[in-house]
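Trainee: Provided herewith is a single structure, encoded as structure tokens, for subsequent inquiry.
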Amino acid sequence: MKIVKNILIPVFAGVVLLVSVAGKPTDRTDKIKRTVKIKNMEKNNVAGTWSLTSGYLDNHGTHIDILGPHPAGMLIFTEDLKFMVIVHNPDIPKFASGDRANATPEEYKTAVTNSLGVYGTYTVDENGGFGEEHVLGSTFQNMNGHTRGKNEIYVKVEGDRLMETQKIADGIAIHLDWERAK
């Protein structure tokens, strides 16, 4: 089991790195103009609070549980076009010291590679579907300032279910399934 964890942790870290470089920096002025235009829309299918129900990396048909067998997280899309997401592996061990400022290097590495927090703004298209996201801040600094659109993130809402696919490379993608929080 330790060998599997030692392999999955670097894979997840690599995936996060690849996801972060897939976006492109944007001009904030352009983002503000588009956001104001979208705010006047009546339809927004993604707005709400969502709880993570499953998450895995699909590497050419091989499924890898990048956040463990019981991934957890919350995704919030606000009506005023802001978003916040936190995902993590709730099954990792607690810090032995009980103090987040006093952990071992291995404990820090495990915590970082088994969690991700991101916030920013987003747009919706003319049908109320997800358009793109602009990352204002993240626990992985390399994502800050990047925009990812439908060619990198595909989001589909069916009733109280939101399915998200993040393309990493040809044949490699992260799949996250969310359920509307009640």
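Trainee: Step through the table entries Lys94/Lys150; Lys94/Lys167; Lys43/Lys182; Lys82/Lys150; Lys43/Lys150, compare each Cα-Cα distance with 29 Å, and write down the pairs that go over it.
Mentor: On the way: Lys94/Lys150 37 Å; Lys94/Lys167 31 Å; Lys43/Lys182 21 Å; Lys82/Lys150 17 Å; Lys43/Lys150 18 Å.
As for pairs spanning more than 29 Å Cα to Cα, those are Lys94/Lys150; Lys94/Lys167.
Trainee: Let me ask something additional. Exactly which GluC sites (Glu not before Pro) in the stretch 52-114 are in a DSSP loop and have at most 14 other Cβ atoms within 10 Å? Walk me through the intermediate numbers first.
Mentor: Numbers: sites: Glu79, Glu106, Glu107; in loops: Glu79.
Those that pass, being in a loop and sparsely packed, are Glu79.
Trainee: Can you give me the accessible area per residue for the stretch 41-170, using a 1.4 Å probe, in Å²? Provide the component values of the computation, followed by the final result.
Mentor: Numbers: 6860 Å² over 130 residues.
Computed with neighbouring chains in place, this is 53 Å² per residue.
Trainee: Lys156: which aspartates and glutamates have alpha carbons under 16 Å from its alpha carbon, excluding same-chain residues fewer than 8 sequence positions away?
Mentor: Asp125, Glu126, Glu132, Glu133, Glu164, Asp177, Glu179
Trainee: Let me ask something else. Taking the Cβ-Cβ separation of Asp91 and Asn144 as r and a Förster radius of 25 Å, what is the calculated FRET efficiency to the nearest 0.05? Write out the running numbers ahead of the final one.
Mentor: On the way: r = 28 Å, r/R0 = 1.13.
For Asp91 and Asn144, the calculated efficiency is 0.30.
Trainee: Viscosity 0.890 mPa s, temperature 25 °C: what is the translational diffusion coefficient of the stretch 97-182 from Stokes-Einstein with a Kirkwood Rh over Cα pairs, rounded to a whole number of µm²/s?
Mentor: Values: Rh = 15.2 Å.
Once the numbers are plugged in, D ends up at 161 µm²/s.
Trainee: Mind grabbing the accessible area of Glu179 for me, 1.4 Å probe, Å², rounded to tens?
Mentor: Number for this one is 100 Å².
Trainee: Quote to one decimal, in nm, the extra length available between Lys82 and Tyr119 on full extension: 0.36 nm per residue of separation minus the C-alpha distance between them. Intermediate results must be reported in sequence, preceding the final value.
Mentor: Numbers: separation 37, 0.36 × 37 = 13.32 nm, distance 0.76 nm.
Additional length available on full extension: 12.6 nm.
The values are calculated or read from the model by the stated rules, or taken from the named source; none is laboratory data. None of the values given here were measured: they were computed from a predicted structure. Cβ atoms come from the backbone with ideal geometry, glycine included; neighbour counts cover every protein chain shown. Heavy atoms of the whole protein, side chains included, go into the accessibility calculation; ligands, DNA and RNA do not. Shrake-Rupley method; radii C 1.70, N 1.55, O 1.52, S 1.80 Å.
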